[in-house]
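The values are calculated or read from the model by the stated rules, or taken from the named source; none is laboratory data. Everything quoted here is computed from the prediction, not taken from an experiment. All Cβ positions, even for glycine, are placed from backbone atoms using ideal geometry, and neighbour counts span all protein chains on display.
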């Protein structure tokens, strides 16, 4: 990408001279082999434990193990470990089922790992750490990490996933219930097998400092959980510390790259250094790692978490990612007498409030805006990957000492962070709190920093995207609308699926064409110059937002030779009916295509009038008395071509992805026309509704009410009343 000089100017305009200069210099360091000299490969035996420890700390395994046990740092569950284990073994009531963790642990032992927090994949035990178990492709384990490309046929995430060691959390959770020594032994066998296959700075699993940090996060969790196990021998403790030290050094020597991204990579790598400095003070670099990591964590919390609580990467999943890291650090710092600043904690509290506004409290689901790569870095429960209640329950307890939800399986995280005392000592009853559905304060429904806006019906809500980007976009999704009714995401975001898939699936769901908005001349709203980098950022502007009407515009198509202006108006019509009106205007003829992606279900299509099309969608997931959603689309004037696609085998149409690496059918509606100017309208209602289109207006009626709307009026922002 950086060698394509046609993109350099747009990169400079969007990301700045400093970013561009660093990336060019980093590419030069990679190409010339300078990185290999700065972060060299070596064998584990080349740098034994004594080379890493401060003076006065014994390095012989027996003596070092005694030193570690006599000088422990506090960890989450140590004060109540025995109490929890006894309670679980004797079947004391808990709002989660510990048998689920035990069953999953058995699958780990039999050679199956849960990939991307969703699907079990046969990997063997231990896994082949350099092999993608899905494609069968294996990368060269003998090369320095800087010599391995992540641009080839393999999606590197399928190799990295096993080396994140998410299975450690499962082993620990199961061991707390079963006290099965096989689980502790499995932890140490996995650690040893990884070390044998991954010499320092050699092979694909050393390519990314973030992966090293997440590995440290899981390893230290298992290390402290199994510290008293017979399997935890002095030799294993000594070797483990060497591995921790090597990972911290790898992160520290190349963290400038992570810092340049201004992303979750910066936060995770800073956390990795802080974690090692906190838990392994005997290492020579401990103070350096701790202070540098802490400073970065403080700095990036204020830089990346916006004042309204939203996240600068424009990704709900990545927001959860960084909150899990901060919650982990916050609690560890608290236990060890090293709390973080009030400013940082205020941003985390704002994040919890922000996400609580977006969540569907009955299902725990969120919109899947932005990059959704399957990252679940703190899997301490058996809730589904799409369920954000564990995150918000933990965050609310940490930040406000309150519970957001009634007791449920999402409470297991609290047990690991606080032990058995959290319900009485650290939280108020959820029954005392106002329901999440009571959100009448409109000021809490606008999040301009990340461009998220909400309108609510009786049992429905619309979530809108309109961003004045101050940080790198994730998807080209300006004016996208998510529509939810009764816990069902009726009009939905397509998600991500794959970053490095073949052909159209190379981050193909990031494009404008799969979002619920209008595409002009088959072009994206912004220019994609690599899988993850957009230039010519489209700017959004909100024109009106009250309890019934939202109106905004975006300028992504102003860059065309004949600029096109796009304005969208969304109306809550009452009784969970919604109307969306799009006005687009240029001087010459353009190809306009309005797209809606609906959840899967049985459907029937009909043409109600020239240029007016309808679809009845029956979502079997809905528990409402009327599960049929009636969607109509049309043009104020002229005619268009209407199409419905479900799971198209030759394009990205008709697909959604809620879990990384997996896609599922969805229903794609598209209305296309060629004109200089166009007014599209889209109505979401019920089968019993009637809609009459007149010359410049429409009348919508049900049994109990009717409304007449002049569609032309919505093209005049000041006249919306």
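Please determine whether any residue of region 265-273 is in contact (Cβ under 8 Å) with a residue 12 or more places away in the chain, out of contact with any strand residue (DSSP E or B) (no Cβ under 8 Å at 6 or more places or on another chain), surrounded by fewer than 22 Cβ atoms within 10 Å (Cβ to Cβ) and within 19 Å of residue 320 (Cα to Cα). Walk me through how you get there before you give the answer.
Taking region 265-273 as the starting set, the residues that turn out to be in contact (Cβ under 8 Å) with a residue 12 or more places away in the chain are 265-273.
Imposing the further condition that a residue be out of contact with any strand residue (DSSP E or B) (no Cβ under 8 Å at 6 or more places or on another chain) reduces the set to 265-273.
Add one more test, that the residue is surrounded by fewer than 22 Cβ atoms within 10 Å (Cβ to Cβ), and what stays is 265.
Okay, now just the ones that are also within 19 Å of residue 320 (Cα to Cα), so 265.
Checked region 265-273: at least one residue is in contact (Cβ under 8 Å) with a residue 12 or more places away in the chain, out of contact with any strand residue (DSSP E or B) (no Cβ under 8 Å at 6 or more places or on another chain), surrounded by fewer than 22 Cβ atoms within 10 Å (Cβ to Cβ) and within 19 Å of residue 320 (Cα to Cα).
Looking only at residues of region 381-405 that are in a loop (DSSP other than H, G, I, E, B) and over 17 Å from the mean Cα position of the chain (by Cα), we find that the one that is surrounded by the fewest Cβ atoms within 10 Å (Cβ to Cβ) is 401. Where strands (runs of 3 or more DSSP E) fall entirely within region 577-674, those with at least 1 residues that are free of Cβ contacts under 8 Å to residues at least 24 places away in the same chain are at 602-609, 612-618.
Please specify each residue of region 27-47 satisfying the condition of being over 14 Å from residue 243 (Cα atoms) and outside any helix (DSSP H, G or I).
At the first step, the residues of region 27-47 found to be over 14 Å from residue 243 (Cα atoms) are 27-40.
Matches in region 27-47: 33, 39, 40.
Take the residues of region 49-62 that are touching a residue at least 40 places away in the same chain (Cβ under 8 Å) and assigned to a helix (DSSP H, G or I): which is farthest from the chain's Cα centre (by Cα)? Only one residue fits best here, namely 62.
When the residues of region 129-152 are filtered to those that are free of Cβ contacts under 8 Å to residues at least 40 places away in the same chain and in contact with a helix residue (DSSP H, G or I) (Cβ under 9 Å, 6 or more places away or on another chain), which remaining residue is farthest from residue 661 (Cα to Cα)? In this case the residue turns out to be 138. Residue 638 fulfils the conditions (1) on the phi < 0 side of the Ramachandran plot; (2) at pLDDT below 95 except for a single criterion, (1).
Of the residues in region 285-301, at least one is in a loop (DSSP other than H, G, I, E, B) and touching a helix residue (DSSP H, G or I) at 6+ places or on another chain (Cβ under 8 Å).
What number of residues in region 521-544 are surrounded by fewer than 22 Cβ atoms within 10 Å (Cβ to Cβ) and in contact with a strand residue (DSSP E or B) (Cβ under 6 Å, 6 or more places away or on another chain)? Outline the logic, then answer.
Residues of region 521-544 that are surrounded by fewer than 22 Cβ atoms within 10 Å (Cβ to Cβ), as a first pass: 521-524, 527-533, 535-536, 539, 541-544.
Now narrow it down to the ones that are in contact with a strand residue (DSSP E or B) (Cβ under 6 Å, 6 or more places away or on another chain): 521, 527-529, 535-536, 539, 541-544.
Number of matching residues: 11.
Any residue at all in region 171-193 that's farther than 24 Å from residue 102 by Cα, touching a helix residue (DSSP H, G or I) at 6+ places or on another chain (Cβ under 9 Å) and assigned by TED's automatic domain parsing to the domain that holds residue 69? Within region 171-193 (the criterion being farther than 24 Å from residue 102 by Cα, touching a helix residue (DSSP H, G or I) at 6+ places or on another chain (Cβ under 9 Å) and assigned by TED's automatic domain parsing to the domain that holds residue 69), the answer is no, since none of the residues qualifies. Within region 535-542, identify whether any single residue is outside the structural domain of residue 314 (by TED's automatic domain parsing), in a loop (DSSP other than H, G, I, E, B), over 25 Å from residue 669 (Cβ atoms) and touching a residue at least 24 places away in the same chain (Cβ under 8 Å), and answer yes or no. Within region 535-542 (the criterion being outside the structural domain of residue 314 (by TED's automatic domain parsing), in a loop (DSSP other than H, G, I, E, B), over 25 Å from residue 669 (Cβ atoms) and touching a residue at least 24 places away in the same chain (Cβ under 8 Å)), the answer is yes, since at least one residue qualifies.
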